[in-house]
Amino acid sequence: MVPLWMFLLVAAALFAIGLFGVLSRRNAVAILMGVELMLNAVNINLIAFWRYRTPDTMIGQAFAVFVFVVAAAEAAVGLALIVAIYRRRQSVAVEDVNLLKW
Amino acid sequence: MEITIELLVFLVFALLTLAGGLGVVLARNLFRAALLLLLSLFGVAGLFVLLAAPFLAAVQVLIYMGGITILIIFAVMLTRGMVRARNVFSEQWDLAAIVSLAFLALVVYLLWQLQQGSSAALFAAPPPEGGLENPIAALGAALVDPAQYMLPFEVASVLLAGALIGAIYIARDDEVE
């Protein structure tokens, strides 16, 4: 048997890794990968709490399904934006996208 | 703590998840990072199986590993001039490392406090026995039940349609008419 805190610990570590990726990488595609890692960490938490707290309802799994949907939409639109930016600027490094920077 | 097969399987999948995630963040070659992301997502799918959510594990494999990762690999190849950049990290990477480590330390501290305090029984207890007879059917019913998640379900489908149309419009080549 695996206690709940182990799942929470893995999810927290995965979230921290994703956070580091989002904050430190220059390439927009790599930033998007970091966001995916963070979303996965959240999903682990949702399913772990569902399993240990409310396995007789579907609330945790339903939330996780909606996280999947939003992650898919976010990846599709984000990558489309990245491809469009690359076509205009020949770069996907985030510091080269500075037209709106104050 | 007693070492069981379940615990060993958990440790293997947790290691896959975290090692894959670290590889994604640290890899210099972006294509390698995408492949390591696949490994990490597979570890998460294994954790879902251990948490008695096999449907979500299947969705994870189909949508994340089969869909989103392939999309990311496409994007990596379409922006191929960027695969081997010399500086993969920005100038503020040290600050980013401090923030991430501080966040991790905060969560671990909170977990430790909760485990010491009133939630000790919850944190150490095994998952409750029983549960639903057929969780996959219950999930399907809950998603189309007006009293439960029918409205979010419809909103999610509208969001997907909007994202689909928006992605096509944004990524379209303006030169080609």
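Each value in this text was obtained by applying a stated rule to the coordinates, not by laboratory testing. It should be emphasised that the depicted structure is a prediction, and the values quoted were computed from it without experimental measurement. Every residue, glycine among them, receives a Cβ derived from its backbone with ideal geometry; neighbour counts consider all protein chains shown.
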Pick out which of A:59, A:82, A:31 has the largest mean-square fluctuation in a Gaussian network model of chain A, springs linking Cα atoms closer than 10 Å.
A:59
Cα principal axis extents for region B:5-61, largest first, Å
36, 23, 10
Can you give the mean number of other chain Cβ atoms that lie within 10 Å of the Cβ atoms in peptide B:30-43?
3
Please give the residues of region B:58-79, grouped as numeric ranges, whose backbone N is less than 14 Å from a label point set 7 Å along the Cα-to-Cβ vector of residue B:173.
B:78-79
Loop-only trypsin sites (Lys or Arg not before Pro) in region A:51-102, please: DSSP not H, G, I, E or B, and at most 10 other Cβ atoms within 10 Å.
A:101
Highest mean first, how do B:116-125, B:23-32 rank when packing is the count of other Cβ atoms within 10 Å averaged over residues?
B:23-32, B:116-125
Could you check how many percent of all C-alpha pairs in chain A are farther apart than 22 Å?
43 percent
How large, in Å, is chain B by the Kirkwood hydrodynamic radius built from its alpha-carbon pairs?
20.4 Å
When the Karplus curve 6.51 cos²θ - 1.76 cosθ + 1.60 is applied with θ = phi - 60°, which whole-Hz ³J(HN,Hα) does each residue of region B:17-34 get, with x for Gly and Pro?
4, 6, 5, x, x, 4, x, 4, 6, 9, 5, 7, 7, 5, 5, 4, 4, 5
Highest-first arrangement of B:50-60, A:90-100, B:95-105, where packing means the average Cβ count within 10 Å
B:50-60, B:95-105, A:90-100
Over region B:42-108: Kirkwood hydrodynamic radius from C-alpha pairwise inverse distances, Å:
15.1 Å
Can you tell me, using C-alpha contacts under 8 Å and at least 6 residues apart, the relative contact order of chain B as a whole percent?
13 percent
Mind putting together the pair-distance distribution for the protein assembly as shown? All Cα pairs, 10 Å bins, whole percent per bin, short to long.
7, 27, 32, 23, 10, 2, 0
Expressed as a whole number, the average count of other chain Cβ atoms within 10 Å around the Cβ atoms of B:157-167 is 4
Packing rank of B:12-21, A:65-74, where each peptide gets the mean count of other beta carbons within 10 Å, highest leading:
B:12-21, A:65-74
Inter-centroid distance (Cα atoms) of region A:30-102 relative to region B:42-119, Å
10 Å
What is the spin-label model distance, in nm, from residue A:70 to residue B:132 if the labels are put 7 Å beyond Cα along the C-beta direction?
2.1 nm
Evaluate peptide B:17-28: per residue, the Cβ atoms of other protein chains within 10 Å of its Cβ; return the mean as an integer.
6
